[in-house]
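Working notes, structure below.
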Amino acid sequence: MIRIACRKYSTGFSHVPVLLNESTNALVQKDTNKQKFFIDCTFGMGGYSEKILSRSTEHNVIAIDLDVKATQPHVDRLKLKYGQRFNFFHSNYSEIRSIVETFKNQNYSKFESLNFIDGVVMDLGVSSMQLDDASRGFSFRTDRDGPLDMRMDQTSSSSIAADIVNSLSVDQLTKIIDEFGEEKHGKRIAVAICRYREQHGPFTSTSTLTQVIKDAIPLKFHKTSTSNVATRTFQALRIFVNDELNHLSKTLKQCSQIIKTGGRLCCVSFHSLEDNIVMSSLKLKNNNNKPLWKVATKEILPSKDEVESNPRSRTAKLRVFERTNHEV
């Protein structure tokens, strides 16, 4: 596989799109002179969108992202470069059906229905630029100390991670850490969090939370863990704060309504919680018990070269589904 260069833009942060070539090849299938429409559900720095747009002047992209702060420079860049072929919506991808409807009404009213989309790509989870920006609160690294925020959309008024760790009970925190982090030490960590805030006051920073988590887990597990022992708890809090799994499930159900027959759904997941929801979408059937999707290719994993050049890709898994001709 060709190594993907890590490009830096005006935000000062960089992001290496995972399985970029594999995803876009599976999504586009073949380049033709026929007009095509694709949706990039997780725009980020525009890696997938730009790859799709650059392959043909007939390709159009509807890009979606919640994160205004991280995406704006790259939205501006692609608008300037690709003009009307690139369209951006600041929204949650769980609004994908209404976004397609808005796009159709504004630009392509000639389409009789909403299922004119040739493909949808989703790169799930948190991006490198979000992890590297300490002010976002996603990272457990002590050299990136920041506020306990973890919202994908910092313009929203929803709860932040600090609200969760400073207000919930041991049982409530244990449930979140167990369910969304698949952390076997969930109860220990929850007890340690509640004990800390009783003794020292509310949590305000990521580094403090990281240290409390580390201290709660027996040392022998530090030595055998392949990742930072705080990884799963931070994942759990992020998923809970952003209601990620619920939004993912809603989005996948709507994709069958907007992707045309033969169109593709490409999902890059990073842990079993995401992958299980993606796999469940394959089983969706219509009222006549006919399947809405079929497997287009077996799961695709990053190459050894990609994992070496981008360690964050090590747990990535690409699944590709194709829309059948059965109506919803």
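Read-outs throughout are calculated quantities, based only on the coordinates presented, and are distinct from any laboratory measurement. Remember, predicted model here, so these are calculated numbers, not experimental data. In this analysis, Cβ positions are derived from the backbone assuming ideal geometry, glycine residues included, and neighbour counts consider all displayed protein chains.
Mind checking which of Ala192, Asn246, Ile213 is farthest towards the positive end of the chain's charge dipole, using Cβ charges of +1 (Lys, Arg) and -1 (Asp, Glu) about the Cα centre?
Sorting the options by dipole projection puts first Asn246.
Can you list the trypsin sites (Lys or Arg not before Pro) in the range 239-328 that are in a DSSP coil and have 11 or fewer other beta carbons within 10 angstrom?
Lys283
Give the distance, in whole Å, between the Cα centre of the range 68-133 and the Cα centre of the range 216-291.
20
Is the shape of the range 133-243 rounded, prolate or oblate, going by the alpha carbon gyration tensor and its root eigenvalues a ≥ b ≥ c, with a/c under 1.5 for rounded and a/b larger than b/c for prolate?
Taking the square roots of the gyration eigenvalues as a ≥ b ≥ c, the range 133-243 is rounded.
How big is the charge dipole of the chain about its Cα centre, in debye rounded to the nearest 20, if each Lys and Arg gets +1 on its Cβ and each Asp and Glu gets -1 on its Cβ?
Its charge dipole is roughly 720 debye.
Taking only the C-alpha atoms, wrap a convex hull around the chain and report its volume per residue in Å³ as a whole number.
143
Rg and Dmax of the range 233-328, using alpha carbons, in Å: what are they?
15.0, 47
Which of Lys214/Lys304; Lys104/Lys304; Lys69/Lys110 have a Cα-Cα distance over 32 Å?
With Cα atoms farther than 32 Å apart: Lys104/Lys304; Lys69/Lys110.
In deg cm²/dmol, rounded to 500, what helix-only [θ] at 222 nm does the chain give when every DSSP H run of at least 4 residues adds -39500 (n - 2.57) and the total is split over its residues?
-13000 deg cm²/dmol
Place a label point 7 angstrom from the Cα of Ser158 along the Cα-to-Cβ direction, then list the residues of the range 253-272 whose backbone nitrogen is under 20 Å away.
Within reach of a label on Ser158, which here means backbone N under 20 Å from a point 7 Å along Cα→Cβ, the range 253-272 contributes 253-255, 268-272.
Rounding to the nearest 20 debye, state how big the charge dipole of the range 133-243 is about its Cα centre with +1 on each Lys and Arg Cβ and -1 on each Asp and Glu Cβ.
Charge dipole, the range 133-243, about its Cα centre: 460 debye, nearest 20.
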